[in-house]
Structure formats: structure tokens, C-alpha cells
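Worksheet: the structure to be examined is printed underneath.
Since every read-out is calculated from the coordinates, none of them should be taken as a lab result. The model shown is predicted, which means the values in this text are computed figures rather than measured ones. Cβ sites come from the backbone with ideal geometry, for glycine too, and all protein chains shown count toward neighbours.
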Amino acid sequence: MESRYYSYNQYLQETFGERVHRLSLDAGFNCPNLDGRLSTQGCTFCNNRAFSRYTKTKNRSIKEQIEESMLFARNRYNAKKFIAYFQAFSNTYAGLKTLQKRYSIIKNFKNIVGIAISTRPDCINQEKLSLLSEFSQKYRVYIEYGLQSIHATTLKKINRNHNLQSFLDALNLTKKYKKIHPAAHIILGLPGETRKEMLETAKFLAQTPLWGIKIHCFHVVKNTTIQKEYQKEKIKLLSQEEYLNIAADFLRYTSPKTVILRLISDASPQELIAPKWLNQKNKALNQLNKLLEERNIRQGDRLTPREN
Ligand code: SF4
């Protein structure tokens, strides 16, 4: 079945000519929304253990994590090329020397072809981007900014402690570095958000110079603030059908040139409380593809030619 959106796998094939595996790393960074600089509570949904394999095993060095993940991906997927994905917490939240030292560990591995950095938009500046752009001489460089929603009320509700302007400032700085590929993390189904508001986020992002978008379904994991609200039945989660329909509509307002890094969230089954359908990621993805087919819709088909 022909894909109706520009998937990350398609991008990897076009760019590297083969499947490239992401090595998910916890490089020992912190986050200003957890260490007290902005708050100690963190985002209401945050529990890094739920999505990072290595946060549980703080005693492993970055090098060891890379070696172990490479071995796993080689055995399991016959992977030959890799992208080092600095995933857990805010991976630009440190001084330049520390960043340089931790990122440079990838230089020990000749099969690493890219570096992807996940961070908050208020944790970047020109110096950090210049450092990353030095890596672009040898590696593909990606930076993923957590935005989640363009709406101030939602950002406040989930205790993000940054606003849309921080994201726009980060993107404006990043676009000066042509070889750094910027992406945004978005969550659909955040507490209190309507379908209309979620689609407003898509329409807004279509006007920005984003290379990629990672879309998550809002979910509840253990040891988070939102867990208590969910258990008191104070928040409602999207059903699979609702999520897939909104995600499909979100794609329609997304430029067809934007790479869709993810459509269904990854959450560890041990940490996930709800919705349980996320545990069957492949099934949900198949359903989404079927839905796009049945509705005869595709990424970007609601944008005007100028927006495309
Ligand atoms: S910014 Fe990221 S790491 Fe920090 S609290 Fe929020 S989700 Fe957690």
C-alpha cells in the first residue's frame, strides 16, 4: 500500500539508502523543569523512565549504551548504520564543554551516521547550535524541540514552563544553520484540548521551517502528576478511533515535505497505565493507514498550494 504520509523510514531510505537504527541514549543530562530552575514538578505527564531504556540504568556510560544498543540492533534488525539519539531529559541543558564531551563520544563509532538531540526550546542558544553544526561536517544533525501544543492554556495546564515564543525563537536561531534539521514534538489529546485546537497546532506548524514532526498520543504513565488526575477520573483520554481520526486530520494540515517521525507513541508496557491500545503500536499504525486509504486523504491535502 502506497504511504499517504512522508514517513521517517522513507526519509531514511532516501537519505542513507538503507534502514538506519536510532540508538536511544540517556547521556546524564537534567531538565530545568525538574531540577528547580523552572520547577521541580516537571511536565505533568513526564516520567523519563517510561520512554527511555537507559534512565533505569544510570551506571552505564554513553559509550556502553551505544555498544549495547548497536549489538541489539545488529542481532535483531541486521542494522548497519546508526543515529545516536540523545533522548532522555533535555540534551542541551549543560555548558558547552560538557555538551562537546558527551556528543563527541559518537566519534568512536564509525557506523554512526547521524546525531539527534531532543531538548526543550528554552535550552538552546547560538553557541550550542554552532557546536552542533560542527558535527554536520561528518554527520546528519537533527534537533527535536518539545512543543506539545501551541496553546498557552494547555502549556500552562501541563506545566511546561515555556511558551510558544520560546519555540519560535529556537526555530529562528536554528534556521541559520542550514545543516541542522529541526523537528517538533507534539502531543494530541492533551487534557482539555479540543480537536479544533489540535488542528490549529498543525496549521500553525505548517507555516514554520520545520524539517520533521513527531506526533504522540497523550497517555498516562506511572509516577506522574497526571496519573493522580487520571485515577480520580478528572481527565479523559482519546479512544483509539478518536486519536487516529485526529492524527489523520493533523497530517492533512502538515506540509507533505515534513518528515513524520512518529505517529503512535512508544511507552514501556511496564510503565503505561492508559490507554492500553498503545501497547499494540503496529496494529494502531495499520489502522491509521487503512483510515487514510478509506477516507482517501493524505498528508498536506488540506493546505493551499502556497503553503505546500
Ligand atoms: S521538559 Fe521533558 S524532561 Fe523536562 S519535565 Fe518536561 S517532559 Fe520531562
Note: residue 231 to residue 179 extended length (0.36 nm per residue) minus current alpha-carbon separation gives 14.2 nm
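Once you list every other residue whose beta carbon is under 13 Å from the beta carbon of residue 98, what net charge do they have if Lys and Arg are +1 and Asp and Glu are -1? Write down the numbers at each step before the final one.
Values: positive: 97, 101, 102, 128; negative: 127.
Cβ neighbours under 13 Å give a net charge of +3.
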Using 0.36 nm per residue, how much length does the chain from residue 134 to residue 194 gain when fully extended, once their Cα-Cα distance is taken away? 17.4 nm
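Restricting to the chain, compute how many DSSP beta bridges are antiparallel as a %, nearest 5. The partial results should precede the final answer.
On the way: 2 of 36 bridges.
Percentage antiparallel, nearest 5: 5.
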I want to check the label-to-label distance for residue 41 and residue 280. Put each point 7 Å from Cα in the C-beta direction and report it in nm to one decimal. 3.6 nm
For residue 22, list long-range residues whose amide hydrogen, built 1.01 Å from N in the peptide plane, is under 5 Å from its own amide hydrogen. 83
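Scan the stretch 256-308 for trypsin sites (Lys or Arg not before Pro) in coil per DSSP, keeping those whose Cβ has at most 15 other Cβ atoms within 10 Å, and list them by number.
Working: sites: 257, 262, 276, 281, 283, 290, 295, 298, 302, 306; in loops: 257, 295, 298, 302, 306.
Counting only loop positions with at most 15 other Cβ atoms within 10 Å, the trypsin sites (Lys or Arg not before Pro) in the stretch 256-308 are 257, 295, 306.
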Just flag the GluC sites (Glu not before Pro) in the stretch 207-308 sitting in loop per DSSP whose Cβ has no more than 10 other Cβ atoms within 10 Å. 233
Value of relative contact order over the stretch 1-128, rounded to a whole percent, pairs C-alpha under 8 Å and six or more apart: 30 percent
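Considering only DSSP beta bridges with both partners in the stretch 114-244, what is the antiparallel share in %, to the nearest 5?
Values: 0 of 19 bridges.
Close to 0 percent.
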Kindly provide the helix-only [θ] at 222 nm of the chain, computed as the sum of -39,500 (n - 2.57) over DSSP H runs of four or more divided by all residues, to the nearest 500 deg cm²/dmol? -10500 deg cm²/dmol
Calculated from backbone phi, Karplus (6.51, -1.76, 1.60) coupling profile of the stretch 26-35 in Hz, x at Gly/Pro: 10, 8, x, 7, 10, 9, x, 8, 10, 8
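Would you kindly state how much longer the chain becomes between residue 74 and residue 2 on full extension, computed as 0.36 nm times their sequence separation minus their alpha carbon distance, in nm to one decimal?
On the way: separation 72, 0.36 × 72 = 25.92 nm, distance 2.78 nm.
The span from residue 74 to residue 2 would gain 23.1 nm if fully extended.
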Distance in nm between pseudo-label sites at residue 152 and residue 10 (7 Å out along the Cβ direction from Cα): 3.7 nm
Taking a crude spin-label model, label points 7 Å out from Cα along the C-beta direction, the residue 295 to residue 222 distance in nm is 3.5 nm
Residues of the stretch 81-111 with amide nitrogen under 15 Å from the 7 Å Cα-to-Cβ point of residue 61? 101-109
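Counting pairs of alpha carbon atoms under 8 Å apart in space and at least six apart in sequence, what relative contact order in percent does the chain give? Intermediate values should be presented prior to the final figure.
Values: 537 pairs, mean separation 58.0, N = 308.
Answer for the chain is 19 percent.
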